[in-house]
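A.B. asks: Supplied in structure tokens, the structure appears directly below.
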Amino acid sequence: MSPGTAIDNIPKFPGLKTVICVKLYREVHRANIIKNSVKTRSYVSSLIETAEEFANRIRGYWGVENKVYYVRDVTQGEEASRIRTKHEVQIWAVARNFALNIYRNYGFDNMAQAQ
């Protein structure tokens, strides 16, 4: 999809000003194997900004998302958890967030070290 291309079949969203298409090129190196992938993500916005401004917003969002995901999954083992009951999942999520907030309040940048 190129800039200025008309996109058919987009529902009318109140306040829609911009449709953004982002191609993500990723190269993962593991055990001397290089794996390449390309993903396309679409965004809608009520803002009118330059491509660079949107790119900065999107990178900022995914930077926070990845940072939180990494800490909760890798450091705290959230996905490996065997807890499946809805209420217990919610309780443990609150407990994990509480622990992270305590670590940050005590000045830790490395959550694994804090634990």
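A.B. asks: Run the reach check for Lys35 against lysines, Cα to Cα strictly under 28 Å, same-chain hits fewer than 8 apart removed. What comes back?
C.D. replies: Cα-Cα hits under 28 Å: Lys23, Lys67.
A.B. asks: Any chance you could check the Cα centroid distance between segment 11-29 and segment 49-71 for me, in angstrom?
C.D. replies: Between the Cα centres of segment 11-29 and segment 49-71 lies a distance of 12 Å.
A.B. asks: When the chain is treated as a GNM, springs tying every alpha-carbon pair under 10 Å, which of Ser37, Ser81, Ser46 comes out with the largest mean-square fluctuation?
C.D. replies: Between Ser37, Ser81, Ser46, it is Ser37 that shows the largest mean-square fluctuation.
A.B. asks: Where only protein heavy atoms count, and the probe is 1.4 Å, what is the accessible area per residue for the chain in Å²?
C.D. replies: Working: 9880 Å² over 115 residues.
Per residue, the chain has 86 Å² of solvent-accessible surface.
A.B. asks: Next question, about the same structure. Please check which bits of segment 54-71 a label hung off Ile102 would reach, taking the label as a point 7 Å along Cα-to-C-beta and the cut-off as backbone N under 20 Å.
C.D. replies: Only 71 fall inside the zone, counting backbone N under 20 Å.
A.B. asks: Quick one: longest stretch of the chain between exposed loop trypsin sites (Lys or Arg not before Pro), exposed meaning at most 14 other C-beta atoms within 10 Å and loop per DSSP?
C.D. replies: Details: sites that count: Lys12, Lys17, Arg82, Arg84.
Answer - 18-81.
A.B. asks: Now for a different question. Which order do Leu100, Leu47 take by accessible area at a 1.4 Å probe, largest first?
C.D. replies: Values: Leu100 10, Leu47 65 Å².
Per-residue accessible area, sorted high to low, gives Leu47, Leu100.
A.B. asks: Could you sort Ile34, Ile20 by accessible area so the largest value comes first, with the probe set to 1.4 Å?
C.D. replies: Details: Ile34 100, Ile20 25 Å².
These residues rank, largest area first, as Ile34, Ile20.
A.B. asks: Between Asn101, Asn32, Asn66, find the one with the highest GNM mean-square fluctuation for the chain; connect C-alpha pairs within less than 10 Å.
C.D. replies: Looking only at Asn101, Asn32, Asn66, the biggest GNM fluctuation is shown by Asn32.
A.B. asks: If R₀ is 35 angstrom, what is the calculated FRET efficiency for the pair Arg84 and Tyr25, using the beta carbon separation as r and rounding to 0.05? Don't skip to the answer; put the middle values down first.
C.D. replies: On the way: r = 36 Å, r/R0 = 1.03.
The calculated FRET efficiency here is 0.45.
A.B. asks: Next up: When you have a sec, figure out the Kirkwood radius of the chain from all distinct Cα pair distances and drop it here in Å to one decimal?
C.D. replies: Working: mean 1/r = 0.0553 Å⁻¹.
Evaluated over the chain, this radius sits at 18.1 Å.
A.B. asks: How do Phe13, Phe108, Phe54 stack up against each other in accessible area, from largest to smallest, with a 1.4 angstrom probe? Kindly include the intermediate steps, with their values, before the conclusion.
C.D. replies: Working: Phe13 105, Phe108 80, Phe54 15 Å².
In descending accessible area the options line up as Phe13, Phe108, Phe54.
The values are calculated or read from the model by the stated rules, or taken from the named source; none is laboratory data. Small disclaimer: the values here were computed from a predicted structure and weren't measured. Glycine also receives a Cβ, built like all others from the backbone with ideal geometry; neighbour counts cover every protein chain displayed. SASA here: full protein model, heavy atoms, side chains in, ligands and nucleic acids out. Shrake-Rupley method; radii C 1.70, N 1.55, O 1.52, S 1.80 Å.
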